[in-house]
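J.: Input: one structure, supplied below.
The values are calculated or read from the model by the stated rules, or taken from the named source; none is laboratory data. Since the model is a prediction, treat every value here as computed from it, not as a measurement. Cβ: placed from backbone, ideal geometry, glycine included. Neighbour counts: every protein chain shown. In case anyone asks, the SASA skips ligands and DNA or RNA and just uses the protein heavy atoms, side chains included. Shrake-Rupley method; radii C 1.70, N 1.55, O 1.52, S 1.80 Å.
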Amino acid sequence: MGNKTIHLNIDGMTCSGCSSRIEKEINAKEGVLGSAVNHETGIGEFTIDTNKIDKEKLIDAVNGIGDYSVINEAEKDTAVVSNSESTIINDKSDYDLIIVGGGSAAFSAAIEAEGLGLTTLMVNAGLDFGGTCVNVGCVPSKNLIRAAETVYHATHSNFKGIKTKGADIDFKQVIKDKKALVAELQQQKYMDVVSDFKNLTLLNGWAKFVGANTILVDEKDTYTATNILIATGATTNIPNIEGLEDVGFLTNVSLFDLEEKPESLTIMGAGYIGLEIAMAYNRLGVKVRIIEFTNRPLRNQTKDITDVLEAQMKSEGIEFLPNFRAFKFEKDGDSTIIHCNCPDGSTTQLIEKGKILVATGIKPNTSRLGLENIDIKLTKRGHILVNEKMETNIPNIYAAGDVANTPAFVYTAAKEGSIAVNNAFSMSKNSVDYSSLPWVVFTDPQIAGAGMDEIEAEAKGIPFEVSKLDLIHVPRALAAQDTRGFIKLIRNTETDKLIGARVIAPEGGELIQQLSTAIKFGITVKDLAESFYPYLTLSEGIKLAAITFGKDVSKLSCCAS
């Protein structure tokens, strides 16, 4: 008998206030030496003196706090998941590659490593294997966005002769279906993919560097490798605002699992995460308000784009408060009072009867990695500094995905993970080129881009010209009676090559890959204008936007060049 660390899965936590409460009350119990509870993962780690308290009494103590309950034991005695059975490893192990993290970059790296015949250890903690995208990011959000679009189209018609009759929303079932999809894809696209790998070991645990080649897992077991890849992703950046920790705020991690529809939702932040959630939940019947400390949403995009989006959000009843800065939160019964500085310098109090969602950007997951032990270089915002080959300042350590100073997309993370492994173990040194990187914001209308916009082109001293085609000139949009948005092309006037594109349009994201490819391979605007496009497709708008550089398309007949 003696000291023992026990891990428990705890249900009912929605915010850091919940985890703090559990820690405080459990730490007061005799025999509890320490606790660390994470509301986002639902895992509580408790160190106990087994001479004074046993596991069963610990579970009873947690169950006795508020509405929280232990749903099962999550003992993590450094269990190793292999192709055959789980085993316990407590000795020092050597690998060709250690991957710290379990998301897109990590799995892409593992696939590359298996192809090279490398012995690989993947150490993951926090979110389940699969990382942000499949568990709490891309997959659940886009599923809910599509569900919300179904509701919207059932209540709105673009045609005078068609009257809608509304939609009957079973919110709990929508969330249950989302959970089922997440579980299915997490298994099929991640766990099943590596299930027959001969050289890969999956390990649940928190990794900390103790040397350039060595990690310590859960403070007890050391593992070494020739090369190490850091792919720990990122999480919501929680602002330091008085009282916020005490009001039970949500992030995307906790929001997407709520089966009871919130009465209302105040979203802190008008970046792409906040905007996608705002439109989806508003359409699913939640009253939504957005607080943004700058003057407009998506402030990294030009104003003509955000004007279209803001007009659509307001038309759907979303309240948008630009230039408002929250400085204090406090509870008043079941409501939350949000104290804000207003644009005119005064202050006001906003009452939120429902939930608070924090969507104020992301921060890299590096705090528990022990990076100070290896003197790895970070950016000012805390991302691991890498070059185009995914190399850090330490020769055998690489980084990929959202933890690094690279674009934060699941598809760039996957590319970076593969590149990192290839560069670490081969003579060829491949690099990642983001100059034609396509991206999409899944609002309605969707916002998509590739390459640079006119502001970036001007900053770089590139001679450029802009063509902007409103969708009212696109036959497909006219036929659909939905002319929201525009297509914008940016060309180098000296070479006529396309150097950038921005689209805001219904399903506009479906256009951006063609434009990204055109930028990547140096296609000229003349080439775009003279190519064939099927009539009455949205892609025909690309041809018309290209023609607009030299002609007024409003004076051309259909299909004319």
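J.: Could you list, in sequence order, the residues of region 346-404 that are within 30 Å of S335 (Cβ to Cβ) and among the β-branched types (V, I, T)? First the steps, then the outcome.
T.: Restricting attention to region 346-404, the residues satisfying the condition of being within 30 Å of S335 (Cβ to Cβ) are 346-363.
Listed by number, the residues that qualify are T347, T348, I351, I356, V358, T360, I362.
J.: Checking the structure you have, find out if any residue of region 389-402 is of a type in the set (S, T, Y) and in contact with an Asp or Glu (Cβ under 7 Å, 6 or more places away or on another chain).
T.: Yes.
J.: Just name the residue that is farthest from the chain's Cα centre (by Cα) out of those in region 366-380 that are open to solvent by 30 Å² or more (accessible area, probe 1.4 Å) and in contact (Cβ under 8 Å) with a residue 24 or more places away in the chain. Break it down into steps so the answer makes sense when it comes.
T.: First, the residues of region 366-380 that are open to solvent by 30 Å² or more (accessible area, probe 1.4 Å): 367-368, 372-373, 375, 377-380.
When the remaining residues are screened for being in contact (Cβ under 8 Å) with a residue 24 or more places away in the chain, the result is 368, 373, 379.
Numbers: R368: 20, N373: 29, T379: 20 Å.
My answer is N373.
J.: Scanning for something over 16 Å from A110 (Cβ atoms) and either acidic (D, E) or touching an Asp or Glu at 6+ places or on another chain (Cβ under 9 Å) (or both), does region 184-203 turn up at least one residue?
T.: There is at least one residue in region 184-203 that is over 16 Å from A110 (Cβ atoms) and either acidic (D, E) or touching an Asp or Glu at 6+ places or on another chain (Cβ under 9 Å) (or both).
J.: Something else: For the structure I just gave you, tell me whether S435 is open to solvent by 20 Å² or more (accessible area, probe 1.4 Å), more than 30 Å from D96 (Cβ to Cβ) and of a type in the set (S, T, Y). Walk me through it before giving the result.
T.: Numbers: open to solvent by 20 Å² or more (accessible area, probe 1.4 Å): yes; more than 30 Å from D96 (Cβ to Cβ): yes; of a type in the set (S, T, Y): yes.
Yes; evaluated as a whole, the condition is true for this residue.
J.: Do we find that D307 is in contact with a Ser or Thr (Cβ under 9 Å, 6 or more places away or on another chain), over 19 Å from I362 (Cβ atoms) and open to solvent by 10 Å² or more (accessible area, probe 1.4 Å) in this structure? Before the answer, list the steps.
T.: Details: in contact with a Ser or Thr (Cβ under 9 Å, 6 or more places away or on another chain): no; over 19 Å from I362 (Cβ atoms): yes; open to solvent by 10 Å² or more (accessible area, probe 1.4 Å): yes.
No.
J.: Any chance you could count how many residues in region 406-448 are polar (S, T, N, Q) and over 26 Å from A518 (Cα atoms)? Let's see the steps before the verdict.
T.: From region 406-448, those polar (S, T, N, Q) are 406, 412, 418, 422-423, 426, 428, 430-431, 435-436, 443, 446; that's our starting set.
Then drop every residue that is not over 26 Å from A518 (Cα atoms), which leaves 422-423, 426, 428.
Of the residues in region 406-448, 4 are polar (S, T, N, Q) and over 26 Å from A518 (Cα atoms).
J.: Looking only at helices (runs of 4 or more DSSP H) that lie completely in region 391-501, which have at least 2 residues being touching a residue at least 12 places away in the same chain (Cβ under 8 Å) and either within 18 Å of the chain's Cα centre (by Cα) or within 30 Å of S104 (Cα to Cα) (or both)? Spell out how you get there, then give the answer.
T.: Working: elements: 410-425, 454-459, 475-480.
The helices (runs of 4 or more DSSP H) meeting that bar are 410-425.
Residues checked against (1) among the aliphatic types (A, V, I, L, M); (2) open to solvent by less than 50 Å² (accessible area, probe 1.4 Å); (3) touching a strand residue (DSSP E or B) at 6+ places or on another chain (Cβ under 8 Å):
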site	(1), (2), (3)
V100	yes, yes, yes
V136	yes, yes, no
A147	yes, yes, no
F159	no, no, no
T164	no, no, no
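J.: Here is a further query. All but one of (1) within 17 Å of the chain's Cα centre (by Cα); (2) open to solvent by less than 50 Å² (accessible area, probe 1.4 Å); (3) under 22 Å from T236 (Cα atoms) hold for L185; which doesn't?
T.: All conditions are met except number (3).
One line per residue, one yes/no per condition, for (1) of a type in the set (S, T, Y); (2) closer than 30 Å to T120 by Cβ; (3) at pLDDT 70 or above:
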residue: N9; (1), (2), (3): no, yes, yes
residue: V32; (1), (2), (3): no, no, yes
residue: V37; (1), (2), (3): no, no, yes
residue: I43; (1), (2), (3): no, yes, yes
residue: F46; (1), (2), (3): no, no, yes
residue: A74; (1), (2), (3): no, yes, no
residue: D77; (1), (2), (3): no, yes, no
residue: I88; (1), (2), (3): no, yes, no
residue: D94; (1), (2), (3): no, yes, yes
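J.: Could you please find all residues in region 484-498 being surrounded by 17 or more Cβ atoms within 10 Å (Cβ to Cβ), of a type in the set (V, I, T) and in contact with an Asp or Glu (Cβ under 8 Å, 6 or more places away or on another chain)?
T.: I490
J.: Among the numbered criteria (1) among the aliphatic types (A, V, I, L, M); (2) open to solvent by 30 Å² or more (accessible area, probe 1.4 Å); (3) under 30 Å from N373 (Cα atoms), which one does L258 miss?
T.: Looking at each condition in turn, L258 falls short on (3).
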